[in-house]
1. Among the residues of region 22-72, which ones are among the basic types (Lys, Arg) and either open to solvent by less than 10 Å² (accessible area, probe 1.4 Å) or part of a helix (DSSP H, G or I) (or both)?
2. With hydrophobic (A, V, I, L, M, F, W, C), under 30 Å from Gly177 (Cβ atoms) and modelled with pLDDT under 95 as the only criterion, which of Ile209, Ile273, Ile250 stands out?
3. Can you pull out the residues in region 15-61 that are at positive phi, out of contact with any Pro (no Cβ under 8 Å at 6 or more places or on another chain) and polar (S, T, N, Q)?
4. Against the definition (open to solvent by 10 Å² or more (accessible area, probe 1.4 Å) and among the aliphatic types (A, V, I, L, M)), how does Leu321 come out, yes or no?
5. If a residue has to be outside any loop (DSSP other than H, G, I, E, B), more than 22 Å from Asn387 (Cα to Cα) and either in contact (Cβ under 8 Å) with a residue 12 or more places away in the chain or of a type in the set (Phe, Trp, Tyr) (or both) to count, how many in region 447-475 make the cut?
6. Looking at the structure I just gave you, is Ile382 touching a helix residue (DSSP H, G or I) at 6+ places or on another chain (Cβ under 6 Å) and surrounded by 20 or more Cβ atoms within 10 Å (Cβ to Cβ)?
7. For residues that are of a type in the set (A, V, I, L, M, F, W, C) and more than 43 Å from the chain's Cα centre (by Cα), tally how many sit in region 101-141.
8. Quick one: count up the residues across region 352-374 that are open to solvent by less than 10 Å² (accessible area, probe 1.4 Å) and either in contact with a Pro (Cβ under 7 Å, 6 or more places away or on another chain) or closer than 24 Å to Pro304 by Cα (or both).
Amino acid sequence: MDERNFQIPIIIDTYIQDKFLASSFNKLFELHEIQEFREQRSVRRFVCYACRQQVILHATPDENSPHSHRYHFQHPKGIDCKWKYDQKNKAQIYNGIKEGSIHKKMKQLIVDTLTYLKDWEVIDIDHHFIFNEDRTERAKPDIHARYMNEDIAFEIQLRSEKPETIYRRQKFYQEKGWKLIWVSAENSEIVSKNFSEDCIKVKQVQKDIAFSNRGNWFIFNKKLSSKSIEDNQLTLRVKIWKPEINNNIIDYSWHEEIITFSQVIFSEGQSFISDFHEEDRKLKSILREEGLKSALLILDKEKPRDWGQYIQRAKDVWPSLEVSGEDTKNLKHEFDKKWDERILKLKYQIVRFFQSEEWRENQQHERWYEISSRVSQYNFGITHDANLGIIEKILLILGYSLSRTLSPQHKRHIQSCHYFLDSDKYYTFDGYLSLCEKAIQKSPWKDEINSDRSILKRSHKRSAKPTPTDLDKFLDWFTSPPQLHPSNVLPSTKISAPSSKKKTQVFTPLT
């Protein structure tokens with residue numbers, strides 16, 4: 001699927017409260033993580049960036065994709081969103097289609113095999129419903145058999161079911177005390193002959209079954225039937241999603257084993273030979289310490305500018321990082337903390353610039369140019385040609401002390417308002433009254449400003465219609481969290497004498 005055709009191009013990950021491109025989903029998440037999202041057993045983790053409403057994860061076959069499927073998000077029915085469009089999916093196309101000849105042949109092959117084996121008894125072949133204890137739910141297993149007096153349900157799965165349907169079926173048999181095993185056919189279309197080398201042939205149905213059973217799915221065919229009868233024990237082929245450490249990276253691939261039914265482990269409604277999740281946890285714990293150290297080092301050395309950029313770099317140095325796991329949540333916390341530190345440092349540097357001798361005495365802009373160039377890629381409203389005289393007065397209104405006399409103790413927050421209210425006298429401030437009003441509302445000295453007599457005399461000027469300015473963005477950013485408290489950047493006690501050098505300027509700075 002072309003990225004332009006994604007119904008929802010950007011999603012919000014509610015786990016870490018940040019956004020990322022839907023097109024990067026395959027790169028960020030491993031196959032087993034994606035399958036957990038498809039199961040949708042817990043509160044849905046992702047929402048649409050445009051409308052903040054529910055999304056559903058869909059799969060489209062794609063041989064060029066890392067997992068042989070392209071995963072994308074769509075809204076379910078009934079949600080109104082500007083990004084939504086109508087599109088039939090394969091589940092609708094297949095809805096109502098009767099089981100095919102392969103399904104029937106598979107059932108008969110298993111039944112014919114079991115009749116030859118000791119300790120096995122075939123009870124029913126897809127004829128009768130079974131019910132739970134209070135008869136509120138029912139199921140009709142493809143094959144109901146008994147093995148050593150235990151009830152066994154065989155389900156032949158050739159086409160996709162919703163992962164939640166698989167889960168409900170497992171829960172039903174678990175509560176009934178039966179063992180459930182899902183079996184897939186093997187032929188040129190459904191499973192590749194060279195499966196171990198050619199994982200592209202794995203269908204989504206096999207993935208859904210496998211990751212509902214700890215990374216395992218089972219296969220039966222005529223050859224295995226003959227072996228079962230010859231050895232007098234039901235023999236299956238199992239495909240297992242296995243993790244392996246390779247040069248400090250965890251590689252994932254399908255492995256194949258020939259096993260007997262007696263080797264199958266049944267737990268919590270699932271059937272498996274090897275527990276992928278347990279093996280994966282063990283390997284990740286081995287690589288975690290070094291990976292975490294490398295990921296945290298990126299924050300200090302590279303200073304990534306957004307979460308999406310950082311998490312992809314973290315995956316580069318820590319490939320076994322689970323983007324859906326607790327470590328990612330901890331990294332997000334560290335990223336936010338470092339980001340806040342950088343923002344506070346930047347705000348601190350801005351106030352320090354306006355306190356500096358180069359600005360207060362010489363009106364030199366070089367330091368401001370340096371700051372604006374360094375953060376030009378961010379949307380902070382810090383521009384090369386910003387009117388620094390306006391910003392200076394806004395900082396005073398906000399309660400920052402820029403010198404021993406330019407401070408709230410000397411009423412400079414009130415005096416600064418006069419420049420905006422008397423813009424006919426101070427022409428540089430013309431058009432910035434709305435900015436002044438916004439600064440007053442954000443100022444800790446708001447009440448004192450609004451009750452000042454000299455300000456009250458000019459109250460008629462404050463009723464003008466709000467007018468956007470080129471510094472609104474800067475003010476909004478500067479007063480947004482994390483906030484820099486004025487008391488944290490008090491000016492130096494030493495203030496140099498004013499320079500006698502003539503200055504060229506377009507405004508009159510406070511002294």
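The values are calculated or read from the model by the stated rules, or taken from the named source; none is laboratory data. What you see is a predicted model; the values in this text were computed from it and never measured. Glycine also receives a Cβ, built like all others from the backbone with ideal geometry; neighbour counts cover every protein chain displayed. With ligands, DNA and RNA removed, areas are computed over all heavy atoms of the protein, side chains included. Shrake-Rupley method; radii C 1.70, N 1.55, O 1.52, S 1.80 Å.
1. Selection gives Lys27, Arg38.
2. Ile209
3. Listed by number, the list holds a single entry, Gln17.
4. In short, no.
5. Looking only at that region, the number is 5.
6. yes
7. Count: 9.
8. 3
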